[in-house]
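Engineer: For reference, the structure I am asking about is given below.
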């Protein structure tokens, strides 16, 4: 997902559009009021169902939300995926069918949520960020993903169509791995694991951007590189804010607090926890590198200025005695010696060349040049 040359030109901080709905929309409203906070969208919300057990797989697109009631107590595992949370009415209907608390629904439609896990007797609610790297613009594209894990069902709410979970769907269809043999908790683990794996892809792209920028800083510390350093710092801050709380989320899921996460799934979640710690450590390392880039820029710029000043100083130093000689013989006294001498002019040139040569040899021996 990286980009060369244009990569540095296209460094953009991961920010939401100015047209996003802000929290100010909720000021004064009672708790549990569903107001979409995030990028304004107009596309139609789609709901897909993937219902499976050990022997069969059934896929369908839901038109009437009342069709979802049949999956609430289904003995098979049901994955209900909602593409789009800007339709608050539809989210509310789904929440009523699965008896989801209004405060949880409020968190789902608020796409600025901090990653967290809430455990209750009816379900386990998890919200976190998935990240995608745009190679054309060098931008990190975040998306909030909300999961509601029940006994035999998993609800996922995404901001927009498209996700990195097609390999999971294919494993379910082909009965590869443990998905068809396991419950909804293992499906939730698989989705979280795929999201964390994509963090590594984003980090690899950032690492390449940082390496290219470091090379440019050392070779040619131009002023425009400062803006690119700033953008990288914004990206690293955003990544840290998105990924750091994931440790708490996965730790809580693997600790046994949730009755819907089986003992057999917890070792897999602990493995994802290790991956998350690795991602966090990498982010901290890259943050330190980016913070040090400003020092590299200042040092490179200072060294370059010192080299320029050294050359100018040497030139000025050489011309000081030459200026003295030319100024001395430029005096317009009538009776100055050598004024009418035939070899006066060649002699002055010889003196100037001798002085220049002696000074250059002296500078060279002292390793000033």
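The values are calculated or read from the model by the stated rules, or taken from the named source; none is laboratory data. Note that the coordinates shown come from a computational prediction; the quantities given were computed from them, not determined experimentally. Note that each Cβ is placed from the backbone with ideal geometry, even for glycine, and that neighbours are counted across all protein chains shown.
Engineer: Look at region 79-95 and say how many of its residues are touching a helix residue (DSSP H, G or I) at 6+ places or on another chain (Cβ under 9 Å) and part of a helix (DSSP H, G or I).
Structural biologist: Going through region 79-95 one residue at a time, the tally reaches 7.
Engineer: Picking from 290, 311, which residue would you name as being closer than 30 Å to residue 368 by Cα, part of a helix (DSSP H, G or I) and modelled with pLDDT under 90?
Structural biologist: On the way: 290 fails: closer than 30 Å to residue 368 by Cα.
Testing whether each residue is closer than 30 Å to residue 368 by Cα, part of a helix (DSSP H, G or I) and modelled with pLDDT under 90 leaves just 311.
Engineer: For residue 258, only one of the following conditions fails: (1) in a helix (DSSP H, G or I); (2) touching a strand residue (DSSP E or B) at 6+ places or on another chain (Cβ under 6 Å). What is its number?
Structural biologist: The failed condition is (1).
Engineer: In the same structural domain as residue 129 (by TED's automatic domain parsing) and touching a helix residue (DSSP H, G or I) at 6+ places or on another chain (Cβ under 8 Å), is that true of residue 276? Walk me through it before giving the result.
Structural biologist: Details: in the same structural domain as residue 129 (by TED's automatic domain parsing): yes; touching a helix residue (DSSP H, G or I) at 6+ places or on another chain (Cβ under 8 Å): yes.
Taking the combined requirement at face value, the residue satisfies it.
Engineer: Restricted to region 25-66, and to residues that are in a helix (DSSP H, G or I) and within 23 Å of residue 160 (Cβ to Cβ), which residue is farthest from the chain's Cα centre (by Cα)? Let's see the steps before the verdict.
Structural biologist: Filtering region 25-66 down to residues in a helix (DSSP H, G or I) leaves 25-26, 65-66.
Those left that are additionally within 23 Å of residue 160 (Cβ to Cβ): 25-26, 65.
Details: 25: 28, 26: 28, 65: 36 Å.
Of everything passing the filter in region 25-66, 65 is farthest from the chain's Cα centre (by Cα).
Engineer: Kindly indicate whether residue 104 is crowded, with 21+ Cβ neighbours inside 10 Å, at pLDDT 90 or above and farther than 12 Å from residue 35 by Cα. Lay out the reasoning, then the answer.
Structural biologist: Values: crowded, with 21+ Cβ neighbours inside 10 Å: no; at pLDDT 90 or above: yes; farther than 12 Å from residue 35 by Cα: yes.
Criteria not met by residue 104.
Engineer: Within region 328-337, identify whether any single residue is assigned to a helix (DSSP H, G or I) and in contact (Cβ under 8 Å) with a residue 12 or more places away in the chain, and answer yes or no.
Structural biologist: To start, the set of residues in region 328-337 that are assigned to a helix (DSSP H, G or I) comprises 328.
Applying the additional criterion that residues be in contact (Cβ under 8 Å) with a residue 12 or more places away in the chain yields none.
No; the residues of region 328-337 include none that is assigned to a helix (DSSP H, G or I) and in contact (Cβ under 8 Å) with a residue 12 or more places away in the chain.
Engineer: While we're on this one: Quick check, is residue 105 more than 26 Å from the chain's Cα centre (by Cα) and in a strand (DSSP E or B)?
Structural biologist: No; evaluated as a whole, the condition is false for this residue.
Engineer: Then there's this: Being at pLDDT 90 or above and more than 23 Å from residue 81 (Cβ to Cβ) narrows it down to one residue among 200, 153, 165; which is it? I'd like the intermediate steps shown before the answer.
Structural biologist: Values: 153 fails: more than 23 Å from residue 81 (Cβ to Cβ); 165 fails: more than 23 Å from residue 81 (Cβ to Cβ).
Just a single option satisfies the conditions, and that option is 200.
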